[in-house]
Amino acid sequence: MNAMTEMSKYRHEKVLFVNNEKAGLKAIIAVHNTNLGPAIGGCRLFPYASYDDALFDVLRLSRGMSHKNAVAGLPHGGGKGVIIADPSMKTEAMFEAFGEAVNNLGGDYITAEDVNTDCDDALVMLRKTNHICGLPQNSGDPSPFTARGVWQGIKATAKVALGRDDLEGLTIAVQGLGKVGYDLCRLLHESGAKLIIANRSNKEAAAKAVEEFGATIVSTDAIYAQECDIFSPNAMGAILNPTTIPQLKCKAVAGGANNQILDDAAGQALKARGIYYAPDFVINGGGVINAAAEVDGPYNKAAVLEKVDNIYNSIEHILSESKATGEPEGVIATRYAESLIYG
């Protein structure tokens, strides 16, 4: 994969490759756009098979953050960092080195927690950079706010796609039981939904969800074909593709994973099947809304929750416009986001 070609394709401003052998750090930081302000987006740690895989992910994720921050009304552009490593092998030296790399960008990129990173890792990065948010003494872990926003988006999706004002008795298939997915399951259970779950790695979380929420477990391959009202992806991206879309037996897709749709053709295929889609960078904006409140201060949790809950209105508006025009929901949301970013 040619890095410069891919950067131009997505209109990125800069991409930093980091190889710190002493610290055991291999990472990529992508700054997509700073027109609205300093780029903000989390640091993800994942055992990518290659630099090309990591580059593909970080470019899409950082572009998604530009869209997410714009739609959420935040004075920030989009960025993302990925560390190429097995989560079980992470070290303080690795995160100190990543903090140094962030600092070398001079404030163009503000980092935070993401997949396989947490508040403790953020505190280690803080030793080397002040360009970080999601600190435990401030806004804290963003995942509960992401989950709350996804829950609000699912309720809005149910209203437009199913004509329902509540989730009581609806069947929702949840893929991924990480920090966001598990908290989302709790909120859905409390709202009266029936849960089908699939989780690739953490068997304990799945067993706990069965015990606490009465969920039904299926395999990660079988989750796509489950009879349900709403399919909720909350793991990795690009899961809505030519292989999975024909399997879906739902009326809508609404979940917290980033970059759920592989490409524009997949979005069109989803629409052709009459399946509603809550655009990921709109529905999963709760975490960055919370983190940005720390950066832009002073932090006010009540104001954050009000803004997160407004995700309901955003999703309802986008799905209603798609229902009226036939245009894919992702196209509508992207056009709006880019009108804010590029004018």
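The values are calculated or read from the model by the stated rules, or taken from the named source; none is laboratory data. This structure is a prediction, so every number in the text was calculated from the model and none was measured. Quick reminder, even Gly has a Cβ in these numbers, built from the backbone with ideal geometry, and neighbours come from all protein chains shown.
When we screen 243, 220 for residues that are polar (S, T, N, Q), in contact with a Lys or Arg (Cβ under 6 Å, 6 or more places away or on another chain) and outside any strand (DSSP E or B), the only hit is 220. Sub-7 Å Cβ pairs linking a first residue in segment 295-316 that is over 21 Å from residue 71 (Cβ atoms) to a second residue that is outside any helix (DSSP H, G or I) and among the hydroxyl-bearing types (Ser, Thr, Tyr), at least 6 apart or interchain, are 299/139, ordered by first then second residue. None of 155, 128, 179 is touching a residue at least 12 places away in the same chain (Cβ under 8 Å) and within 27 Å of residue 321 (Cα to Cα) except 155. Taking residues in segment 215-234 that are assigned by TED's automatic domain parsing to the domain that holds residue 259 and of a type in the set (D, E, K, R), and partners anywhere that are in a strand (DSSP E or B) and surrounded by fewer than 24 Cβ atoms within 10 Å (Cβ to Cβ), the pairs with Cβ atoms closer than 7 Å and at least 6 places apart or on different chains are 227/249; 229/171.
Among the criteria (1) closer than 29 Å to residue 60 by Cα; (2) outside any helix (DSSP H, G or I); (3) touching a strand residue (DSSP E or B) at 6+ places or on another chain (Cβ under 8 Å), the one residue 169 does not fulfil is (1).
Identify all residues within segment 109-118 that are closer than 15 Å to residue 133 by Cβ, of a type outside the set (S, T, N, Q) and crowded, with 17+ Cβ neighbours inside 10 Å; write none if there are none. Correct list: 109, 110, 112, 113, 114. Residues that are in a helix (DSSP H, G or I) and either within 24 Å of residue 338 (Cα to Cα) or β-branched (Val, Ile, Thr) (or both) do occur in segment 34-56, at least one of them.
Kindly provide the set of residues from segment 200-216 that are crowded, with 17+ Cβ neighbours inside 10 Å and either touching a Phe, Trp or Tyr at 6+ places or on another chain (Cβ under 9 Å) or within 23 Å of residue 116 (Cα to Cα) (or both), ordered by number. Those that are crowded, with 17+ Cβ neighbours inside 10 Å and either touching a Phe, Trp or Tyr at 6+ places or on another chain (Cβ under 9 Å) or within 23 Å of residue 116 (Cα to Cα) (or both): 205, 206, 209. Set side by side, the residues 333, 278 differ, and just one is closer than 24 Å to residue 180 by Cα, touching a His at 6+ places or on another chain (Cβ under 8 Å) and in the same structural domain as residue 264 (by TED's automatic domain parsing), which is 333.
When the test is whether a residue is assigned by TED's automatic domain parsing to the domain that holds residue 324 and surrounded by fewer than 24 Cβ atoms within 10 Å (Cβ to Cβ), residue 172 does not pass it. Inspect segment 87-99 for any residue being outside any helix (DSSP H, G or I) and in contact with a strand residue (DSSP E or B) (Cβ under 7 Å, 6 or more places away or on another chain) and give the result as yes or no. Scanning segment 87-99 turns up at least one residue that is outside any helix (DSSP H, G or I) and in contact with a strand residue (DSSP E or B) (Cβ under 7 Å, 6 or more places away or on another chain).
Could you check, for segment 144-159, whether at least one of its residues is surrounded by 24 or more Cβ atoms within 10 Å (Cβ to Cβ), within 30 Å of residue 96 (Cβ to Cβ) and not hydroxyl-bearing (Ser, Thr, Tyr)? Within segment 144-159, one or more residues are surrounded by 24 or more Cβ atoms within 10 Å (Cβ to Cβ), within 30 Å of residue 96 (Cβ to Cβ) and not hydroxyl-bearing (Ser, Thr, Tyr).
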